[in-house]
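Below is one structure, written out as structure tokens, with a few remarks after it.
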Amino acid sequence: MTLKQTPSPVKDRSGSGQNGHTGQNGHAGPGAGGEAPAGPPPRRNSIFPFLLDLGVVVGLFGLVIVGPLYNALIGNVVLGLGVLLALTALVGWVREARAEYARTPD
């Protein structure tokens, strides 16, 4: 292109999306003749991972902070409560996971 040439006119791309694409990819959507594939069942949020973490933190708090600073007996009680909470949460989490696995279709 020399200085005296004018640029070519812009093509009319009305109805096109960005970069000239129309947005059609050749696939039929869920309402265009086919059934939509079944998705996974809705998930329920579980409290057990949080309770497991809380039990571990409470147990470590009793072992590291309460036992040496206050009283060994109180520290052992807090440690025992933390371990009990963590074990209960772990059992509940495993039972919930097994029940969810049993409900899944093959």
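Here, each number is a calculation from the coordinates, and none is a lab measurement. This is a predicted model, so every value here is computed, not measured. For neighbour counting, all protein chains shown are included, and Cβ atoms are generated from backbone atoms with ideal geometry for every residue, glycine included.
Tell me whether the range 59-74 contains one or more residues that are part of a helix (DSSP H, G or I) and among the hydroxyl-bearing types (S, T, Y). No: zero hits. Out of E100, E96, one residue alone is without any contact (Cβ under 8 Å) to a residue 12 or more places away in the chain and either among the polar types (S, T, N, Q) or not in a loop (DSSP other than H, G, I, E, B) (or both). It is E100.
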